[in-house]
Structure formats: C-alpha cells, structure tokens
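The values are calculated or read from the model by the stated rules, or taken from the named source; none is laboratory data. Quantities reported herein were computed from a predicted structural model and do not represent experimental measurements. Reconstructed Cβ throughout: ideal geometry from the backbone, glycine too, with neighbour counts over all protein chains shown.
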C-alpha cells in the first residue's frame with residue numbers, strides 16, 4: 001500500500017481514538033489533496049519561518065489554555081492528543097511547496113542566527129505519521145483498538161523499506177515477535193507503574209496524615225531542632241460583601257490525648273444530604289441557640305469565598321466556626337463527625353467553594369467525659385500549676401492568659417525537650433510552638449474541670465492589597481484549644497500573637513517575587529474561569545482562523561509552478577525507498593547469480609573481500625552516499641558511479657564464463 005494512504009488512515013484513526021474527528025477529517029482531506037493538485041508554491045525560507053512561528057504561538061497558547069483549565073483537562077494527555085494539529089501547518093506548507101524537506105533552522109531559532117548554510121533537514125511527513133501513532137495511544141477508554149491499529153500501519157510503512165535479502169515470511173515473523181515483545185514489555189511496565197503509584201499514594205497518605213486524618217493528629221511535639229515552615233500559599237479567603245473575616249478556620253478537633261499526639265474517641269461520620277448539586281446545608285432550618293435549644297429565628301449570615309483547590313479525592317474542608325451552608329464544592333459526598341470536622345469525598349479540582357456562616361456558633365458536639373481527662377503522667381504537674389498560679393475555673397480564660405504571659409514562641413527545641421516535652425515546656429523552657437501551647441492549654445482547662453478539646457486548622461491574618469483578599473500560607477497552619485464555658489464552645493488560643501511575625505521573619509528573601517508570580521497567575525485564572533466557555537472557545541477559534549488565513553494569503557500570493565507527472569512520485573509514499581536505484585545493486589545481483597551468495601546480514605565490504613572482489617570496494621563509498629545520505633550524489637557523481645559499475649559488469653561478463 002502506498003504510504004500516502006497509510007498516512008490518511010493514521011489521521012482518521014487518531015481522530016477517532018482521540019475524539020478529534022472534527023479536526024482529523026479536514027486535515028486528512030487537505031493531506032490527500034496534495035496528490036490531486038499539481039500546483040505548488042515557490043516559498044521562501046522566511047515563509048517557513050513564519051509558519052514555524054505561528055506553530056510556536058499556538059503551542060504557547062495551548063500551554064496557557066491547559067494551565068488555566070487544568071481542572072478540566074489533563075495537561076500532558078491533552079497536549080499529546082493535539083500534537084498532530086500543532087505540527088500539521090508545517091507539514092502541509094512543505095507538501096504544497098516546491099521544497100521537499102525542511103531544514104532544522106525552521107524550528108530551532110538558535111540555528112537561524114548561524115552564518116553557515118543549514119543543510120541538515122528532516123521529512124515532516126514522518127513526524128506527522130509518528131505523532132498520529134503516538135497521540136492515538138492516549139485514549140483512556142479503549143486500549144483494544146490501539147495495538148492492532150498501530151501495528152498494522154507500522155508494518156505497512158516498514159514493508160516498503162525492508163531488506164530484499166530476507167524472505168517476506170521471515171520478515172513478518174521477526175516483526176510480529178518485536179511487536180509482541182513490545183506489547184509484553186509495555187504491559188509489564190504499566191503494571192509496575194500502577195504498583196509503584198499505589199505504593200507512593202500509600203506513602204504520601206501516611207506522610208500527610210498529620211493534616212488530613214480526622215481520627216488522629218500527629219503533632220511535632222517532642223521533635224528537636226528547628227521546625228521547618230514553608231511560605232507556600234495554600235489558599236485565599238475573600239468576603240464578597242465585606243463581612244468580617246474569621247481569624248481561624250477549623251479543620252478538625254480531637255478529644256483524646258495519645259502520647260504527644262491527639263485522636264478521637266468517636267471516629268464515625270454522618271453523611272449530610274445536599275440541597276442541590278454541590279450545595280450542602282449543615283444545619284436545619286431551626287437555629288441552635290447558645291443554650292443548645294432550637295429557635296426558628298434566623299440570625300444574620302455572613303458569606304465567604306475560599307479559593308482552595310483539592311487535588312486529592314478525599315480531604316478535610318477548612319471552615320470557620322458557625323458554617324451553615326457550603327456551596328460550589330465539587331464533591332460526591334460531605335460527611336461530618338461528632339467534633340464538627342467536615343470531610344469531602346469524591347472531590348475534583350475546582351478553584352473555590354462558598355460558605356455561609358453565623359458568627360459565634362460552633363458545631364462541635366456537646367462535651368463528654370473524655371473532654372475532662374488528663375493523662376496520669378501530667379496530673380501532678382497540672383495540679384501544681386493550677387494551685388501555684390491560682391487558676392480559677394470561673395475566670396479560666398483570663399487566668400490562662402496571665403499564666404502564659406511570660407512564655408515565648410519558638411520553633412526550636414533542644415535535646416532536653418525530647419524525653420518529656422510538655423513537662424519541659426511548662427517547667428523549664430517556657431518556649432515552644434503552637435502545638436505546645438494548645439496541648440498544655442487543654443490539659444490546664446481540664447485540670448480546672450472545664451471540658452476542652454484540641455483543634456487544628458489555619459490562622460487567617462495576612463492581607464494582600466493586590467488581591468483584595470487574605471492569603472493563607474502553609475506556615476499559617478495553627479493549633480489551639482476550645483473550652484466548653486457558659487454552655488458553648490469558646491476558642492482559647494494562648495499562643496503568643498507574635499508567632500506570625502516570628503515565622504514570617506524566617507521567610508525566603510525572594511518570597512515577594514514568588515508571591516507576585518503566584519498571585520498574578522491566580523488572578524489570571526480567576527478571570528479565565530469567569531469567562532463563558534463558549535465565548536473563549538469561539539475567540540480561540542477566531543484567532544486561529546485569522547492567523548491561518550493571513551498565512552494562507554501570504555502563501556497564495558507567492559509564485560506558483562505546475563509539477564510534472566513524474567515529479568509526483570517524489571512524495572511521502574516513495575521517499576521511504578530512497579536510494580534503492582543505485583546501479584551498484586545491479587552488480588551485486590549479477591555476482592549472486594554467478595554463485596557468489598551473500599550471507600544474511602552480511603555487510604557488503606566483508607562479502608566482497610571474501611569472494612575475491614576487493615577491487616570493487618572503491619565503489620562502496622559512493623554507493624553508500626547514494627543509498628543512505630539524504631543529500632545524495634550530484635548528477636555528475638551519479639553518472640560516474642553508473643559508468644564504473646557498467647565497466648565492472650562488462651569485465652564480469654568477460655571473465656566469469658572463462659572461469660566457470
């Protein structure tokens with residue numbers, strides 16, 4: 001089969017498998033039309049440069065498009081899918097020009113500045129064929145089509161350049177073995193990839209469990225040295241109606257101390273029914289009063305937009321106290337546990353979710369007996385502190401703030417804090433990070449008979465003028481205590497307020513530059529998401545059409561020529577048999593007919609030496625250039641080789657009959 005048809009079927013197969021048939025059909029028609037239209041354009045090198053530049057602009061535009069729409073499109077898979085579309089302008093410009101091959105400087109800008117003439121080139125038809133086969137492999141739903149389809153097309157393409165010294169049956173058998181080996185290797189590689197991916201996910205899950213496990217929190221209490229913090233921006237918070245911004249966003253709360261860590265006694269979750277797609281009401285229509293009773297009187301609700309993308313299927317949702325409604329959270333299910341922790345399942349990436357909240361409310365469940373439990377190893381110390389500092393339950397919060405007044409915030413702990421970190425913190429160093437303050441506060445509250453819990457989440461303090469919203473960094477992760485006082489849960493955060501400045505002082509000097517880049521990218525993404533899909537798709541198609549028409553107009557006004565019929569054979573279909581018309585093959589054929597058999601895989605040079613025709617080696621350099629060098633021989637060199645071969649054939653016909 002002529003490879004022009006193989007390329008046609010490769011394009012159609014790519015369109016079907018990649019679900020881009022609307023692009024594949026016109027591309028295939030334009031490709032096939034070059035063999036029916038005899039007009040060609042004499043394009044200059046500048047015309048090829050313009051086409052290449054247009055392709056580069058399209059590639060950059062595709063990168064930007066995929067980045068802004070990364071929640072909807074898989075970046076790498078989509079890029080591979082669209083490769084034939086990107087490369088097609090270059091292929092078709094070559095096909096309808098008088099130039100057969102494209103020099104490397106067309107795509108490589110660095111080569112354009114060279115003073116020497118660029119003679120290295122490539123055949124863009126091969127690249128289009130390869131991209132079609134490669135892009136077809138990205139289909140996720142149907143793998144059964146790809147292997148036989150690609151194997152058949154590759155076999156037909158290679159058949160035209162197969163060595164004639166091997167029988168067709170042997171060649172097909174070897175090719176089949178190669179395909180089966182490749183298939184087995186790919187299958188083994190895929191299974192290994194899936195196994196490694198699963199193990200990596202398990203490892204990553206265990207590593208991030210500290211912040212994403214509603215049943216257990218692994219603290220850094222007891223770690224020595226400097227605690228590392230990151231300036232990376234995790235999410236942003238905005239109030240669309242200029243409502244007050246809550247200073248704390250809760251992820252999870254815990255009631256049971258376990259060593260230096262915290263866990264929950266009741267790990268069960270209750271599924272929350274959604275009101276609509278991606279909308280969940282966290283309370284009934286009746287509102288909970290401070291006394292735990294219900295009233296139909298609805299309090300004023302504040303709105304909040306949280307710009308946080310979830311990249312895991314399951315995650316804890318950071319929320320302020322008193323959240324009553326979650327909207328635009330793309331999850332299949334929302335669950336809540338007894339401690340007010342909200343967990344989303346079946347999440348897909350989305351730039352933001354919206355909430356409504358009522359100030360002053362906290363939806364932690366009522367206190368239980370465990371909320372007053374103090375581990376035995378801490379009981380004597382906690383009792384001594386309460387007695388020595390006259391901490392009173394009726395003014396518990398004020399008493400605790402007076403007690404922690406002279407404590408310092410520090411991310412560093414020495415070796416002495418390793419064995420008994422809480423005791424060392426309270427008795428000796430009086431310096432630690434928020435986890436030390438939160439745990440100690442819970443124990444002191446419980447020692448005074450006040451139910452208390454350990455809470456983790458984020459502090460919302462840093463305002464960005466550029467965005468007109470608050471940004472939350474990884475170092476803004478925070479821990480605090482809540483106490484059940486006056487029949488409601490109240491925040492008791494004894495960590496010195498200077499902790500934010502202490503951590504900010506350790507920031508990287510170039511962080512403002514990184515923030516500018518990240519926030520600018522964020523603003524572009526927000527603007528992009530606000531556009532209607534049909535609007536920007538039509539704009540992209542319009543821009544692409546205008547640029548293509550300008551390029552087409554530039555080409556059309558160029559000089560045209562009409563190619564001869566015999567020149568039509570110098571196309572993609574016959575270029576694969578390049579150099580097979582070397583006259584040396586006739587000499588080789590005559591020698592084999594006279595009984596000088598050439599072994600399978602035997603090179604010409606050792607063969608000629610073995611059969612006693614070493615004097616023919618002088619012809620091999622020119623034959624090899626004719627056969628393998630895309631530049632080939634000049635007409636004079638071709639004529640010289642043909643003359644020398646004819647002379648050797650005459651001598652062969654004269655000498656061999658006498659030697660037979």
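Cβ separations smaller than 7 Å between residues 6+ apart or across chains give the following pairs from segment 290-318 residues that are assigned by TED's automatic domain parsing to the domain that holds residue 243 and assigned to a loop (DSSP other than H, G, I, E, B) to residues that are at pLDDT below 80 and surrounded by 11 or more Cβ atoms within 10 Å (Cβ to Cβ): 296/286; 297/287; 298/287; 299/287; 309/349; 309/350; 310/349; 311/349.
For the criterion of being surrounded by fewer than 23 Cβ atoms within 10 Å (Cβ to Cβ), within 30 Å of residue 366 (Cα to Cα) and touching a helix residue (DSSP H, G or I) at 6+ places or on another chain (Cβ under 9 Å), residue 423 passes. Please verify whether residue 489 is more than 32 Å from the chain's Cα centre (by Cα), at pLDDT 80 or above, crowded, with 17+ Cβ neighbours inside 10 Å and farther than 29 Å from residue 309 by Cβ, treating the condition exactly as stated. So residue 489 passes the test. Taking (1) at pLDDT 90 or above; (2) surrounded by 18 or more Cβ atoms within 10 Å (Cβ to Cβ) in turn, residue 401 satisfies each apart from (2). Being part of a helix (DSSP H, G or I), within 26 Å of residue 499 (Cα to Cα), assigned by TED's automatic domain parsing to the domain that holds residue 497 and touching a strand residue (DSSP E or B) at 6+ places or on another chain (Cβ under 7 Å) narrows it down to one residue among 382, 397; which is it? Exactly one of 382, 397 is part of a helix (DSSP H, G or I), within 26 Å of residue 499 (Cα to Cα), assigned by TED's automatic domain parsing to the domain that holds residue 497 and touching a strand residue (DSSP E or B) at 6+ places or on another chain (Cβ under 7 Å), namely 397.
A quick yes/no check of all residues on (1) out of contact with any strand residue (DSSP E or B) (no Cβ under 6 Å at 6 or more places or on another chain); (2) at pLDDT below 80; (3) not in a helix (DSSP H, G or I):
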| residue | (1), (2), (3) |
| --- | --- |
| 144 | yes, yes, yes |
| 152 | yes, no, no |
| 161 | yes, yes, yes |
| 164 | yes, yes, yes |
| 177 | yes, no, no |
| 188 | yes, yes, no |
| 201 | yes, yes, no |
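Each residue in segment 10-33 was checked for being surrounded by 19 or more Cβ atoms within 10 Å (Cβ to Cβ) and at pLDDT below 85, and 3 of them qualify. Can you confirm whether residue 54 is in the same structural domain as residue 93 (by TED's automatic domain parsing) and surrounded by 15 or more Cβ atoms within 10 Å (Cβ to Cβ)? In short, yes.
Could you please find all residues in segment 91-104 being in a helix (DSSP H, G or I) and either more than 32 Å from the chain's Cα centre (by Cα) or free of Cβ contacts under 8 Å to residues at least 40 places away in the same chain (or both)? Correct list: 93, 94, 95, 104.
Listed by first and then second residue, the pairs linking a residue in segment 603-616 that is assigned by TED's automatic domain parsing to the domain that holds residue 648 to a residue that is loosely packed, with under 12 Cβ neighbours inside 10 Å and at pLDDT 85 or above, with Cβ atoms under 8 Å apart and 6 or more places separating them unless they lie on different chains, are 608/614.
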